[in-house]
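First the structure, in the form of structure tokens, and then the observations on it.
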Amino acid sequence: MHWTGKVERIAFTLFGKFDVAWYGIIITCAMLTGLFVAVKLAKRMNVTSDDLLELFLIAIPLAVVGARLGFVFAHFERFFLVDNFTWDNFVDIIAIWDGGLTIMTGAPAGILGGLIWCKWRKVSFWKLADTVICVLLLSQALGRWGNFCNQELYGLAVENPSLQFFPYAVYIASEGGFFQATFFYEFIADLIGFGLMLYLSKHLYMTGSGIVQYGFFYYTIRFIMEFFRDSTDILGIPNTNRLFCGIAALACLAILVVMAVSKIKAGQIIWFKKGIPAELYAHSGPERKPQVQKKTK
């Protein structure tokens, strides 16, 4: 068996009873890495690490719930169309520790959490999103290694012995053979997308374009990845994911073009070669009450 098929799903066991999976550890580390990078990027908006932590405490739970609901919906028959629905079947629905999270529905739910926090703290949601949303692709990239440990998110079978090597292919023990390492392909693609979005966030000034950029990169990557997998059929519609991602990517690109053209026609500068001036973000951060200094005798 190839080394990629010998990966242990469980990292360690607590008190001899509770299994801690590598999937959960890696996803948590990916989120913390995203938070760390977001703190660095948000400084130009006067958003502090405490602010971002507060935002994450709202956004992450919503993202996890949204991601799980998306996965359960995509596998409706597996979770609901069972004989004698029991407590164990319900536990299977919420068992995120076994894997099964869909970024396609998780990301919008997390963004909703960000919107709630911005409304609460009176922060410009669109400018904050333009500044930090690229970290989603970074966290997604790192999280793909959780899929590797779970031996999931692989592609089509690789039967040619000359191609049975990592990173082109991984050995899946449960299948007893080699399959395309689509988790790794997506890891690399997400990193490239993160790098491009990070560059754009420092030079392209189109308020509200950050979320659309993320949508374009994400759906384009997913559209490409679907050609390496057995594409999902939902509600009898063939290749549902591929079709949806392709349409969504084109829609996001069209929106970006329309936004750019309209702003240029209005005489606005949207590209700053030396970086977006700090004054454009001067009044976008949270309103803070001035600290009152105590009088000393």
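Data table
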| read-out | value |
| --- | --- |
| Tilt relative to the chain, helix 49-74 - C-alpha long axis, 0 to 90 degrees, to 10 | 40 |
| Two-site label geometry, L112 and A95: point separation in nm, points 7 Å out along Cα→Cβ | 2.6 |
| Calculated FRET efficiency for the pair E175/T13, C-beta based, R₀ 25 Å, to 0.05 | 0.45 |
| Calculated FRET efficiency for the pair E279/K40, C-beta based, R₀ 22 Å, to 0.05 | 0.65 |
| Estimated distance in nm for a label pair at N84 and T48, the labels positioned 7 Å out from Cα along Cα-to-Cβ | 5.8 |
| Cα gyration tensor shape of the stretch 76-230, rounded if a/c is under 1.5, else prolate or oblate by comparing a/b with b/c | oblate |
| Angle in degrees between helix 22-41 and the longest Cα principal axis of the chain, rounded to the nearest 10 | 20 |
| Packing rank of 184-197, 167-180, 211-224, 71-84, where each peptide gets the mean count of other beta carbons within 10 Å, highest leading | 211-224, 184-197, 167-180, 71-84 |
| Distance in nm between pseudo-label sites at T240 and H203 (7 Å out along the Cβ direction from Cα) | 4.0 |
| Cα lying deepest toward the dipole's positive end in the chain, options F228, H203, L250, charges on Cβ | H203 |
| Acute angle (nearest 10 degrees) that the helix 240-265 long axis makes with the longest principal axis of the chain, alpha-carbon atoms | 20 |
| Theoretical ellipticity at 222 nm over the chain - DSSP helices of four or more residues, -39500 (n - 2.57) apiece, nearest 500 | -18500 deg cm²/dmol |
| Residues listed by number, the stretch 181-212, amide nitrogen under 14 Å from Y168 label point at 7 Å toward C-beta | 181-182 |
| Distance between the stretch 56-119 and the stretch 5-44 - C-alpha centres, whole angstrom | 18 |
| Theoretical gain in end-to-end length, W3 to W271 [0.36 nm per residue, Cα-Cα removed] | 91.7 nm |
| Computed lengthening from L191 to K119, 0.36 nm per intervening residue step minus Cα-Cα distance | 22.9 nm |
| For the stretch 3-281, diffusion coefficient by Stokes-Einstein and Kirkwood Rh (Cα), 4 °C, 1.567 mPa s, µm²/s | 63 |
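Computed from the coordinates by the stated procedures, all read-outs in this text should not be read as laboratory data. Here the structure is a predicted model, which means the values were calculated and not measured. Don't worry about glycine lacking a Cβ; one is built from the backbone with ideal geometry, like all the others, and counts go over all protein chains shown.
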